[in-house]
1. Looking only at helices (runs of 4 or more DSSP H) that lie completely in the stretch 229-322, which have at least 3 residues being crowded, with 23+ Cβ neighbours inside 10 Å and in contact with a helix residue (DSSP H, G or I) (Cβ under 9 Å, 6 or more places away or on another chain)?
2. Do you know which of the residues in the stretch 102-121 that are without any contact (Cβ under 8 Å) to a residue 60 or more places away in the chain and under 21 Å from SER56 (Cα atoms) is farthest from the chain's Cα centre (by Cα)?
3. Going through the stretch 195-230 one residue at a time, which ones are among the acidic types (Asp, Glu) and within 26 Å of ILE101 (Cβ to Cβ)?
4. I'd like the residue in the stretch 181-213 that is of a type in the set (S, T, N, Q) and assigned to a loop (DSSP other than H, G, I, E, B) and, out of all such residues, is farthest from the chain's Cα centre (by Cα).
5. Tell me the residue from SER166, SER117 that is crowded, with 20+ Cβ neighbours inside 10 Å and either in the same structural domain as THR86 (by TED's automatic domain parsing) or over 16 Å from VAL84 (Cβ atoms) (or both), please.
6. I need a count of the residues in the stretch 175-230 that are within 27 Å of MET72 (Cβ to Cβ) and among the charged types (D, E, K, R).
7. Give the residue, chosen from LYS300, LYS304, LYS321, that is within 18 Å of the chain's Cα centre (by Cα), on the phi < 0 side of the Ramachandran plot and at pLDDT below 95.
8. Looking at VAL125, VAL121, VAL172, VAL146, which is the one that is out of contact with any Pro (no Cβ under 7 Å at 6 or more places or on another chain), within 17 Å of GLY88 (Cβ to Cβ) and among the hydrophobic types (A, V, I, L, M, F, W, C)?
Amino acid sequence: MNQKITLITTGGTIASKENSEGRLASGALSGNELASLCELPKEIDIKIVDFSQVPSMFMDFEKMLALKDMIMRELEDPEVSGIVVTHGTDSLEETAYFLDITVADHRPIVVTGSQRSPLEVGTDVYSNLRNSILTAASLHLEKAGVVVVFNERIYSAKYVKKVHASNLQGFVSFGYGYLGIIDNDVVSIYQKPLHAESFVLRRPIPRVDIIKCHTGADGIMVEAAVSAGAEGIVLEGVGRGQTTPIMVDAIQSAIEKGVVVVMTTSAEEGKVYPAYEYVGSAADLMRRGVILGADYDSKKARIKLAVALASEIVVDEKHFKY
């Protein structure tokens with residue numbers, strides 16, 4: 001019996017075509033139009049579901065929630081072997097990680113996209129889509145969480161990151177590498193995540209802002225986030241998790257007002273750690289109530305913090321341990 005894969009399309013470059021001015025209209029193609037251009041595996045039964053036809057940066061928590069719900073409905077069918085989601089690359093890593101921590105199912109969920117449109121010379125649409133379907137049908141990917149397939153490589157949603165604006169090798173997992181590869185339609189897996197978690201959302205997802213730390217940064221952005229109603233703030237610090245001393249008072253004030261603050265690092269590898277002792281260091285901030293975000297990048301930390309708050313749990317450092 002053939003395996004069944006649900007292909008859910010959301011738009012992005014992978015579903016784009018040129019307009020009259022030669023610019024790409026992102027998400028212009030429907031799922032059926034996209035599939036008709038590709039040589040999809042004939043030994044796999046594919047159900048195509050059009051979720052949306054939007055550019056990558058049109059995605060938000062509301063759309064992510066709706067996408068999650070659609071995936072859960074498809075997974076109610078026990079004969080479905082896996083899910084493939086096509087997505088714009090600019091926010092692909094955020095949606096993939098959101099799904100990773102909100103969908104509790106052992107079957108493969110694969111998110112993919114493309115750096116070039118379907119009709120461009122050297123497009124990566126067809127290989128990425130075909131490889132994603134093969135990956136979703138692979139038994140080796142069960143209990144691996146949500147993965148991203150790009151340029152014949154399979155990445156964990158937690159650590160994948162877009163690193164090039166246009167090159168076909170657009171995604172990397174710094175420090176951790178990829179989980180496996182697809183070569184001549186053969187899916188090979190070399191490693192899997194050891195830890196998995198899933199949150200149950202109990203209320204609307206709150207506002208969580210990311211604030212980048214840099215030389216001379218004061219507290220104005222922190223104050224603005226608090227005034228805008230943020231329930232959480234993710235600081236993208238430097239090195240081991242440092243910020244400027246003139247930012248600290250605003251951070252302290254935010255915490256006293258009940259805002260959850262998480263410190264991450266702008267470094268591509270390594271963890272936030274209380275290694276130094278001065279005003280604005282990770283150790284100083286930790287004493288003031290800032291949660292140290294380990295090796296999370298700021299985007300993934302924002303997703304996790306927002307989802308955790310919506311789950312109505314007490315968020316602390318253990319939630320950023322894995």
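1. 298-310
2. The qualifying residue farthest from the chain's Cα centre (by Cα) is GLU120.
3. Passing the criteria: GLU197, ASP209.
4. Checking each candidate, the answer is ASN184.
5. SER117
6. Of the residues in the stretch 175-230, 5 are within 27 Å of MET72 (Cβ to Cβ) and among the charged types (D, E, K, R).
7. Selected residue: LYS321, the only one of LYS300, LYS304, LYS321 that is within 18 Å of the chain's Cα centre (by Cα), on the phi < 0 side of the Ramachandran plot and at pLDDT below 95.
8. VAL146
The values are calculated or read from the model by the stated rules, or taken from the named source; none is laboratory data. Keep in mind that what you see is a predicted model, and the values were worked out from it rather than measured. In this analysis, Cβ positions are derived from the backbone assuming ideal geometry, glycine residues included, and neighbour counts consider all displayed protein chains.
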